[in-house]
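Reviewing the structure listed below.
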Amino acid sequence: MEKRPKVGIGVMVIKEGNILLGKRKNAHGEGTWSYPGGHLEFGESWEACATREVMEETGIEIKNLRFGMVTNDVFEKEQKHYITLFIVADFASGTVTLMEPHKCETWHWFEWGQFPEPLFLPIKNQLTTDFNPLTIQ
């Protein structure tokens, strides 16, 4: 079987200048901090995937979705390769809830540039650039 990259969506949810991060568990990148997100499904738009994943994982609604950037992420240890599309979105409503406790340990809001360690590989790769989601309108 030929190995091919998969498409992942990472959603940078902004609320009062802070970004939502969760601590991953029972998945590749276990123990690292990551944005809500997941796999782009066949025929699904980026925006629909971002909205669905954020609701499934956190129970909140988002608005004002816009393209952020993309990274090329090779997880050597797991032998996985992802193209990660980062979507920037504003918090719309709801209370952040741990909807999938088998996949995520906790959710917290952090200032941009003040993220905890260790970070999920796509975010580490993102931070090697000068990208700042707070400047994307």
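Each value in this text was obtained by applying a stated rule to the coordinates, not by laboratory testing. All values reported here derive from a predicted model rather than from experimental measurement. Note: ideal-geometry Cβ built from the backbone for every residue, glycine included; neighbour counts use all protein chains shown.
Of all aspartates and glutamates in the structure, those lying under 13 Å Cα to Cα from LYS80, and not within fewer than 8 positions of it along the same chain, are GLU2. With contacts taken as Cα pairs under 8 Å at a separation of at least 6 residues, the stretch 6-126 carries a relative contact order of 36 percent. Shape analysis of the stretch 63-137 places it in the oblate category; the axes a ≥ b ≥ c from the Cα gyration tensor give an a/c of at least 1.5, with a/b not above b/c. Here the Karplus relation 6.51 cos²θ - 1.76 cosθ + 1.60, evaluated at θ = phi - 60°, turns the backbone of the stretch 42-54 into coupling constants of 4, x, 8, 6, 4, 5, 5, 4, 4, 4, 5, 5, 5 Hz, with x for every Gly and Pro.
For a Förster distance of 30 Å, can you work out the FRET efficiency between the beta-carbons of LYS3 and LEU127, rounded to the nearest 0.05?
The formula returns an efficiency of 0.70 here.
Remark: the stretch 101-116, residue by residue, has Karplus-estimated 3J(HN,Hα) of x, 7, 10, 9, 7, 6, 10, 8, 8, 9, 5, 4, x, 10, 7, x Hz, where x stands for each Gly or Pro and the curve is 6.51 cos²θ - 1.76 cosθ + 1.60 at θ = phi - 60°.
So, counting K/R as plus one and D/E as minus one, what does the shell of residues with Cβ under 12 Å around HIS39 add up to?
Neighbourhood net charge equals -1.
From helices alone, the chain scores -4000 deg cm²/dmol at 222 nm; the rule is -39500 (n - 2.57) for each run of n ≥ 4 DSSP H residues, then divide by the residue total. Annotation note: chymotrypsin sites (Phe, Trp or Tyr not before Pro) in the stretch 1-67 located in DSSP loop regions with a Cβ neighbour count of at most 12 within 10 Å are PHE42.
State the antiparallel share, in %, of DSSP beta bridges confined to the chain, rounding to the nearest 5.
70 percent
Judged by the mean number of other Cβ atoms found within 10 Å, the most tightly packed of the peptides 85-91, 101-107, 57-63, 73-79 leads the ranking 85-91, 57-63, 101-107, 73-79.
Stokes-Einstein, applied to the Kirkwood radius of the stretch 6-126 over Cα pairs at a viscosity of 0.890 mPa s and 25 °C, places its translational diffusion at 173 µm² s⁻¹. Would you mind pulling out the separation of the Cα centroids of the stretch 62-137 and the stretch 1-48, in Å? Distance between centres, Cα-based: 6 Å.
Computed about its Cα centre, the charge dipole of the chain is approximately 220 debye, with only Lys, Arg, Asp and Glu carrying charge at their Cβ.
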